[in-house]
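Taken together, the values in this text are just the output of simple stated rules run on the coordinates, not laboratory data. All values derive from a computational prediction rather than experimental measurement.
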Amino acid sequence: MKTYTVHQAKSQLSKLLQKALHGEEIVITNRHKPVARLTPIRSPKRKLGFLGNGVWMSRDFNAPVKDFRAYQ
């Protein structure tokens with residue numbers, strides 16, 4: 001975990017974002033007090049189904065059925 005002042009963070013923001021994307025935790029300080037933490041946002045990777053096999057659904061699975069009598 002590295003710390004940067006507000007001035008350093010403002011002048012090197014793109015560099016700090018790249019570091020955060022690579023997993024490094026950045027702490028921004030103001031007058032020697034930590035005020036913010038820059039970390040990457042991880043999207044959850046979840047699968048539906050038993051033991052992670054996944055579930056496949058067609059794109060129109062919840063579309064209304066045009067002629068429901070055909071399915072009776």
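Given their separation in residues at 0.36 nm each and the Cα-Cα distance between them, Ala20 and Lys33 gain 2.7 nm when the chain is fully extended. For the stretch 1-41, the antiparallel share of DSSP beta bridges with both residues in that region comes to about 55%.
Rounded if a/c is under 1.5, else prolate if a/b beats b/c, else oblate: with a ≥ b ≥ c from the C-alpha gyration tensor eigenvalues square-rooted, which is the stretch 1-41?
Details: a/c = 2.48, a/b = 1.46, b/c = 1.70.
Here the stretch 1-41 falls in the oblate category.
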